[in-house]
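Take a look at the structure below.
Coordinate-derived values only; no laboratory data. Computed from a predicted model, the values in this text were never measured in an experiment. Here Cβ is always computed from backbone atoms with ideal geometry, including for glycine, and neighbour counts include all displayed protein chains.
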Amino acid sequence: MPSDTPSLILEQRLVRRANAALHCRETSLHLSTDCEELVLRRYIEHYSHEGVQWVERTHRVPVSSLLKWMITHGEPQTLTHENDL
């Protein structure tokens, strides 16, 4: 992975099929190198007698856009604390 920031592994799965094929899947989340984008990476490998196939897809969203979306669509929770002096 080209990024220097550590990834958060969301899913990691390894499945052996009956026909001796092996299916590997990993989904991870990390910040871009400049810390301005959140990057979702999905990687899939399929091993079989015929060979190896793999696909990697990345989805990027600016952190500022994600925060604006969360503020607009998220459910606000307010905590109130009163201090008696």
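Couple of notes before you dig in:
- For peptides 58-64, 70-76, 26-32, sequence by mean Cβ density within 10 Å, most packed first: 26-32, 58-64, 70-76
- Maximal additional length on extending the R60-V15 stretch stands at 13.4 nm, based on 0.36 nm per residue less the C-alpha distance.
- Between 0 and 90°, nearest 10: helix 63-73 axis offset from the chain longest Cα axis: 60
- The mean of 1/r over all pairs of different alpha-carbon atoms in the chain, once inverted, gives a Kirkwood hydrodynamic radius of 16.2 Å.
- FRET efficiency estimate (nearest 0.05) - Cβ-Cβ, W69 to Y47, R0 30 angstrom: 0.20
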